[in-house]
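Student: First, the structure itself, so that you have it in front of you.
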Amino acid sequence: MFQQFELAHGVKLYVRPTEQFKTINISFKWKQQLTLEQAAIRSVLANVLQYNNAEYPTNAAFRKRLDDLYGAVLYFDTAKKGNHHIFSLNAETVNDAYLSNEKVVEEVFSLLHTVIFKPNMVDGKFVDSIVKREKEQVIERIQSMYDDKTRYAQQRLLENILPNHAASITANGTVAAVQGVTNEQLVDMHETLLKKDELSIYVVGDVNMQEIKDKMEKYFQFTARTAELKKEVEAPTTTNDKDFLHEIQDMKQGKLHMAYRTPITFFSKEFPIMQLTNGILGGFSHSKIFINVREKESMAYYASSSYSSLYGLIFVLAGIDSNLQEKAVKLIDEQLKAMQAGDITDLEINQTKSMLKNQLKEALDSSRAQIEIYDQYKEIDESFTVENWVSRWSSVTKEQIQQMASTIEKEFVYFLSGKDGADNE
Amino acid sequence: MNETYFEQLEETLYHEQLPNGLNVYILPKKGFSKTYVTFTTKYGSIDREFIPLGKDKTVIVPDGIAHFLEHKMFEKEEGDVFQKFSEKGASANAFTSFTRTAYLFSSTDYILDNTKTLLDFVQQPYFTEQTVEKEKGIIAQEITMYDDQPDWRLYFGAIENMYKEHPVKIDIAGTVESINKITAEHLYECYNTFYHPSNMVLFVVGAVDPKEMMAFIKEDQASKTFEAPQEITRFFPDEQNDVDIKERKLQMDVQKPKVIYGIKSNNVNISGEEMLNYELAMQVAIELVFGRTSAFYQDVYDKGLVDESYSADYSMENGYGFSMIGSDTSNAEELTQTIRQSILNHASEWEFTVEDLKRITRKKIGYFLRALNSIEYIANQFTRYSFNDMNLFDVVPALENLSMEQVKDAFETLRNENAHTVFTIVPFEKNKNE
């Protein structure tokens, strides 16, 4: 779905010319192996580069420039995918065609050059006061997760099943890791981005291929890089002696987070079948978990499963009355057992195939989603298209799904609730 | 079928009002895979006091009923509507706001079949005492979920501070207590009053053939019988200009305090062009004084009084409106003092130049063009604008014509300190159990 060019070894440009959008989306993604320390450094660096640069020495001056360019969006971000940490720079600008006599796109490319190659440095270092404050901002972002009970419960689940593993390391790092970040580490990391990290650049919009290639050469001369990234995540070797943890906070609802393991991952040939299996179990509002936990028992407002394919994990999440944890776990267990026993109808299979297909096709209506989906699927298939992927689901049979369900094993139950639930134990 | 071409945006909008009163809008988008259809009634949580269709006495219905009704529409005698949509690969959903209830689906195939399912399930109510009882457990979990979300509590706390009488202060989903009073009879009464086609808008956007779709909808609507359209009589209490409560705190299990500085608007009984211009002027004024390029923001950011959660905006509907400036903060006291001072200073001395205004309007035009990439944004916002007698596609010309005088006048309405309020969520004191 993207045309691709190698700009230098390890630096690839992916372009998708389309008249679908009124804007042009640009995304730089620098990838490296995920570690806690590096994640912390990179998240602080993202903030520091976002704050100012050599041409726009204050944040207000920089933002005013973006406002002038018809509110161009330009931001650094960090994320993780499987084994990798992704440091990204994203921009979205209005296509000049919708403005009278303006040359906004060229200006945005020039600004992208500035934020990457001309950071605000004094004597080869970032400004200490900015580093200090942006470290604080990242720490506060990490701490704010505590206020969102769903995110908090999910993180606690991961820390318990896979401590010190890619699955539980967050893209921002931890408070302690961020506190330890030094100015020198930020400078080194900036160098790493410019010279060492594998880099993918995406452009989506009503653009001319040659013009984009010319602009790339004019503004960004990235040098060849040799780092080889390992794609697959190592299977965790540790096993838990515990399989249940109940924690108490001052809150009203009970947050049930269950983890299941499967040897089938994104890189397995059975991956498309496992997508269907998860869909039938709990991916949609026709799925077994939704129908039985919410519609039949009225126990929950949300109840669903999701397949974290890069790690071979399936999560089931439900918000329930804090006294009903045991009943809910039993009910959810029964849904998986039913699938393992072959209790899967043609209707469920057809609904799930239709919904997965629709989900993937719908994603094409957002340029950001086009980039994200391709960035993931190209790891297994550089010539990925939505149509081809959809065809992999069409022939999947009930027996194959049942067989996939039998690879799924329950690993851990985490429950976060208020004090009511505790009294019953 | 009326056809309007918006040259600058390169969009064509098709519109027709059907004999039963339903307004149908269709906006084809080239290059898109999916079609998104919303079917919306001008009925939300604030519509709690009204004269039911065919009756002559005013009723007050239990809080949370519009949202409860939304949930119950999906259940039919033959089962759950989600199942039917799933068979045709459509993701369906619904939401209830203060002023609207919207039912929607998106799909890349079987657009006409799915449109038919949408029209049928919203136009064929089925409520029994048993199905109503069953829903109470689900909605109670939804309510408790929101109860645990500090940002939602913060937002609602600020609105509760501002309003003494107006039902915007009542949580959209109601309370566990209020929903327990809801009966099937209540639901039919609300349904019959507010779900008449003349009180609704159908908006179709995406990969759609406008002629085929319009013909399909017309045929469907012509095959169903509806009573003649009638004016709906709704009652809203008189609301004073001053806020109800000047300052209030709530303790929750949070890491650091969260605060909203709210300013209740007094120019809210407007609609159409007047509303469009006022709303934009107010938003531009807030952006100038409190946006991320403002001297105010630079100051509080440098002092460490705000973090990435900071926001400042103005929102309104007919009958209520408010500006809110808020952030997670280690020093709510100092932050709110600074906000108050900044409002008073700018209201007495407006220092912005025409260049500043141009910059902000350019930013907003860019934001609007970006938003037009999202067909969900178009459908939902267009409906909201149309219920307020405005046209979404007038936003760009209105922004281009906005004068400094309008912006300055809008900001001056914030001067009255009796309309200011502060709501704060603070962490529990940590010495209790630890």
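The values are calculated or read from the model by the stated rules, or taken from the named source; none is laboratory data. Model, not experiment: these values are computed from the prediction. Heads up, the Cβs are rebuilt from the backbone with ideal geometry, glycines too, and the neighbour counts pull from every protein chain shown.
Student: Filter the stretch B:344-367 down to the residues that are more than 15 Å from A:R63 (Cβ to Cβ) and among the β-branched types (V, I, T) and list them by number.
Tutor: B:T353, B:V354, B:T361, B:I365
Student: Need pairs with beta-carbon distance below 6 Å; first residue more than 14 Å from chain A (Cβ to nearest Cβ) and modelled with pLDDT of 95 or more and within the stretch B:114-142, second in a helix (DSSP H, G or I) and buried (at least 19 other Cβ atoms within 10 Å of the Cβ); sequence gap 6+ or separate chains.
Tutor: That search, which allows pairs on different chains as well, returns B:P125/B:Y191; B:F127/B:K72; B:F127/B:L187.
Student: Right, something else. If you go through the stretch A:75-106 one residue at a time, how many are touching a residue at least 24 places away in the same chain (Cβ under 8 Å), surrounded by fewer than 18 Cβ atoms within 10 Å (Cβ to Cβ) and part of a helix (DSSP H, G or I)?
Tutor: Count: 2.
Student: Mind listing just one residue for me: the one in the stretch A:300-316 that is within 13 Å of chain B (Cβ to nearest Cβ) and surrounded by 21 or more Cβ atoms within 10 Å (Cβ to Cβ) and, of those, nearest to A:M404 (Cα to Cα)?
Tutor: It comes out as A:A303.
Student: Of the residues that make up the stretch B:158-178, is at least one more than 24 Å from B:R234 (Cβ to Cβ), touching a Phe, Trp or Tyr at 6+ places or on another chain (Cβ under 6 Å) and either surrounded by fewer than 18 Cβ atoms within 10 Å (Cβ to Cβ) or not hydroxyl-bearing (S, T, Y) (or both)?
Tutor: yes
Student: For B:Q337, indicate whether it is within 30 Å of B:S198 (Cβ to Cβ) and in a helix (DSSP H, G or I).
Tutor: no
Student: Counting only residues that are at pLDDT 95 or above, give me the helices (runs of 4 or more DSSP H) lying completely in the stretch A:351-425 with at least 2 of them.
Tutor: Where helices (runs of 4 or more DSSP H) fall fully within the stretch A:351-425 and carry at least 2 residues being at pLDDT 95 or above, they are A:367-377, A:386-394, A:398-405.
Student: Does the stretch B:90-145 hold any residues that are hydroxyl-bearing (S, T, Y), in a helix (DSSP H, G or I) and surrounded by 18 or more Cβ atoms within 10 Å (Cβ to Cβ), and which are they?
Tutor: B:T115, B:T117, B:T144
Student: Moving on to the next point. Here are the criteria: (1) closer than 27 Å to B:L9 by Cα; (2) within 14 Å of chain B (Cβ to nearest Cβ); (3) in contact (Cβ under 8 Å) with a residue 12 or more places away in the chain. Tell me which single one A:E134 does not satisfy.
Tutor: (1)
Student: Quick check: anything in the stretch B:69-80 surrounded by 21 or more Cβ atoms within 10 Å (Cβ to Cβ), away from chain A (no Cβ under 14 Å) and more than 28 Å from A:D346 (Cα to Cα)?
Tutor: Yes, because at least one residue in the stretch B:69-80 is surrounded by 21 or more Cβ atoms within 10 Å (Cβ to Cβ), away from chain A (no Cβ under 14 Å) and more than 28 Å from A:D346 (Cα to Cα).
Student: Let me ask something additional. Which of the residues belonging to the stretch A:60-72 are more than 7 Å from every other protein chain (Cβ to nearest Cβ) and either among the β-branched types (V, I, T) or part of a helix (DSSP H, G or I) (or both)?
Tutor: A:A61, A:F62, A:R65, A:L66
Student: How about the stretch B:365-423: which helices (runs of 4 or more DSSP H) wholly inside it have at least 2 residues that are in contact (Cβ under 8 Å) with a residue 24 or more places away in the chain and touching a Gly at 6+ places or on another chain (Cβ under 7 Å)?
Tutor: Output list is empty.
Student: Can you pull out the residues in the stretch B:94-113 that are more than 11 Å from chain A (Cβ to nearest Cβ) and within 26 Å of B:E212 (Cα to Cα)?
Tutor: Selection gives B:A94, B:A102, B:Y103, B:L104, B:I111, B:L112, B:D113.
Student: Collect the residues in the stretch A:197-209 that are surrounded by 17 or more Cβ atoms within 10 Å (Cβ to Cβ) and either more than 15 Å from A:F220 (Cα to Cα) or charged (D, E, K, R) (or both), keeping them in residue-number order.
Tutor: A:D197, A:E198, A:V204, A:G205, A:D206, A:V207, listed by residue number.
Student: Quick one: which residue in B:Y36, B:Y43 is of a type in the set (F, W, Y), within 30 Å of A:V386 (Cα to Cα) and touching a residue at least 12 places away in the same chain (Cβ under 8 Å)?
Tutor: Result: B:Y36 is the single residue among B:Y36, B:Y43 that is of a type in the set (F, W, Y), within 30 Å of A:V386 (Cα to Cα) and touching a residue at least 12 places away in the same chain (Cβ under 8 Å).
Student: Next question, about the same structure. So which of A:S168, A:S129, A:S144 is of a type outside the set (V, I, T), assigned by TED's automatic domain parsing to the domain that holds A:L74 and surrounded by fewer than 16 Cβ atoms within 10 Å (Cβ to Cβ)?
Tutor: Within the list A:S168, A:S129, A:S144, the selection yields A:S129.
Student: Would you say B:I60 is under 17 Å from B:E185 (Cβ atoms) and β-branched (V, I, T)?
Tutor: yes
Student: Give the stretch B:184-222 a look and list any residue that's in contact (Cβ under 8 Å) with a residue 24 or more places away in the chain, under 21 Å from B:I60 (Cβ atoms) and of a type in the set (D, E), or say none.
Tutor: Result: B:E189, single match.
Student: Could you figure out which of (1) within 14 Å of chain B (Cβ to nearest Cβ); (2) modelled with pLDDT under 95 isn't true of A:H165?
Tutor: Every condition holds for A:H165 apart from (1).
Student: Within the stretch A:150-190, restricting attention to residues that are assigned to a loop (DSSP other than H, G, I, E, B) and under 28 Å from B:D151 (Cα atoms), which residue is farthest from the chain's Cα centre (by Cα)?
Tutor: Residue satisfying both the conditions and the ranking: A:T174.
Student: Spot the failing condition for A:E191; the list is (1) within 20 Å of A:G312 (Cα to Cα); (2) out of contact with any strand residue (DSSP E or B) (no Cβ under 7 Å at 6 or more places or on another chain), and only one is missed.
Tutor: The failed condition is (1).
Student: Within the stretch A:104-117, can one find any residue that is more than 22 Å from A:K29 (Cα to Cα) and modelled with pLDDT under 95?
Tutor: Yes, some residue in the stretch A:104-117 is more than 22 Å from A:K29 (Cα to Cα) and modelled with pLDDT under 95.
Student: Kindly indicate whether any position in the stretch B:281-298 is touching a Phe, Trp or Tyr at 6+ places or on another chain (Cβ under 6 Å), polar (S, T, N, Q), away from every other protein chain (no Cβ under 14 Å) and touching a residue at least 12 places away in the same chain (Cβ under 8 Å).
Tutor: no
Student: Of the residues in the stretch A:38-67, how many are touching a Lys or Arg at 6+ places or on another chain (Cβ under 6 Å), crowded, with 21+ Cβ neighbours inside 10 Å and hydrophobic (A, V, I, L, M, F, W, C)?
Tutor: Residues that pass the stated criteria total 1.
Student: Just checking, does the stretch B:289-297 include any residue being in a strand (DSSP E or B), out of contact with any His (no Cβ under 8 Å at 6 or more places or on another chain) and small (G, A, S)?
Tutor: no
Student: A further question on this structure: When the stretch A:206-257 is examined, which residues are found to be modelled with pLDDT under 90 and of a type in the set (D, E)?
Tutor: Across the stretch A:206-257, the qualifying residues are A:E228, A:E232, A:E234, A:D241.
Student: From the list B:S374, B:S386, which residue is within 13 Å of chain A (Cβ to nearest Cβ), within 30 Å of B:Y103 (Cα to Cα), within 23 Å of the chain's Cα centre (by Cα) and small (G, A, S)?
Tutor: Just a single option satisfies the conditions, and that option is B:S374.
Student: Right, something else. Considering A:N90, A:N47, A:N95, which residue is out of contact with any Cys (no Cβ under 8 Å at 6 or more places or on another chain), at pLDDT 95 or above and under 26 Å from A:K213 (Cα atoms)?
Tutor: Criteria check complete, one pass: A:N90.
Student: If we scan the stretch A:205-212, do we find a residue that is charged (D, E, K, R), under 30 Å from A:N323 (Cα atoms) and away from chain B (no Cβ under 14 Å)?
Tutor: no
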